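This report concerns only the one structure given below.
The values are calculated or read from the model by the stated rules, or taken from the named source; none is laboratory data. Please read all numbers here as calculations on a predicted model, not as lab measurements. All Cβ positions, glycine included, derive from the backbone under ideal geometry; neighbour counts span all protein chains shown.
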Amino acid sequence: MVFLAIYLGRSPKVRGWLKVLSRNRRIWRTLIATVLILATITLTYVFLPAANREDTDERKLFERYAAEAVLKLDTLQKIAVDSSCDLTHAEPELAYVLPLVIAAYNEIVEKPTLPIITRLDDTLHFTMNGYKQFKNRGIRLNKLLQKKLGNRYTTKITSEETTHTLEITYNGNPWDTEQLTALPVMEASRIYKLDPALLMSLIRHVSNFNFDFRGQKDAHGILALEEGEGLEQIFIGADRLSKQLRVGISQENAIATFYPEPEIGAKPENWHKSPLTKSWVDQVLSDIQFYRANGLK
């Protein structure tokens, strides 16, 4: 390019044309305008998406979901949430096991009173009132919970007169997004009468549990839908999948409609003709068995 510029620069004809162009204001204005437009488009493409895109704070997302799950238990009168209990940072690893804790409490105590949640952040305080003697029941409750929860959880009971508080802390590594997604998947599957292993496998292969996933056109989120944000997409996707299965669409065809990167111009009903889509559907079906084997039923 440099040698070509030097060669052309020595040509009398080229120099003559350059002089004519340099004196023509209209041409210069057109060139400058073109350069400015191209620069504006380039800068918009580079900087605006980054400025408008905010990465999802997944931990906050699941803390809010955990708090909502606890309040639902309160509404169902399975527990009572004390007015002083701050659910702003409800730890999912503790909130998610609360139904198991309630079940263990009801199993050990013959006439259980309504337990009260007085704390749920880095420690769960599960308060049981109205028992004069709780020592033997407390020992049995501790043993049962240690068996059910495993060694990553620590439990102890403190007593003051007729008030007995079960304190539970989680000492393991924070759960990853896949683990945290399991509970909303199970809730959505229960509501829409769907196999949770199917929904979980679908999420894994659509976005790999990435809430910031971007697909074609307006497809985005954990299920690459054009609507819904955050965990909302799990419920929207479960509803859509359930409706398809209820009207007789095969499981394979229903799964194929969620493929996040279809070929341009390809018709959804012809997905069998695309090796990539067919392989993707097969992987989703295969991992359904994986999730069932790991207790998601």
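I'd like to check something: does the range 126-135 contain any residue that is assigned by TED's automatic domain parsing to the domain that holds residue 69, assigned to a helix (DSSP H, G or I), free of Cβ contacts under 8 Å to residues at least 60 places away in the same chain and of a type outside the set (Val, Ile, Thr)? Checking the range 126-135: at least one residue is assigned by TED's automatic domain parsing to the domain that holds residue 69, assigned to a helix (DSSP H, G or I), free of Cβ contacts under 8 Å to residues at least 60 places away in the same chain and of a type outside the set (Val, Ile, Thr).
How about the range 180-220: which of its residues are touching a residue at least 24 places away in the same chain (Cβ under 8 Å), among the basic types (Lys, Arg) and out of contact with any Asp or Glu (no Cβ under 9 Å at 6 or more places or on another chain)? Residue satisfying the conditions is 193 alone.
Rundown of residues vs (1) of a type outside the set (Ser, Thr, Tyr); (2) surrounded by 12 or more Cβ atoms within 10 Å (Cβ to Cβ); (3) part of a helix (DSSP H, G or I), yes/no style:
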{"residue": "208", "(1), (2), (3)": "yes, no, no"}
{"residue": "242", "(1), (2), (3)": "no, yes, yes"}
{"residue": "252", "(1), (2), (3)": "yes, yes, yes"}
{"residue": "284", "(1), (2), (3)": "yes, yes, yes"}
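What residue, of 168, 191, is of a type in the set (A, V, I, L, M, F, W, C), at pLDDT 95 or above, on the phi < 0 side of the Ramachandran plot and in contact with a Leu (Cβ under 6 Å, 6 or more places away or on another chain)?
Unique residue meeting the criteria: 168.
Here are 144, 198: which of them is outside the structural domain of residue 64 (by TED's automatic domain parsing), surrounded by 16 or more Cβ atoms within 10 Å (Cβ to Cβ) and either over 12 Å from the mean Cα position of the chain (by Cα) or in a strand (DSSP E or B) (or both)? Unique residue meeting the criteria: 198. Scan the range 254-276 for residues that are outside any loop (DSSP other than H, G, I, E, B) and over 19 Å from residue 209 (Cα atoms) and the total you get is 9.
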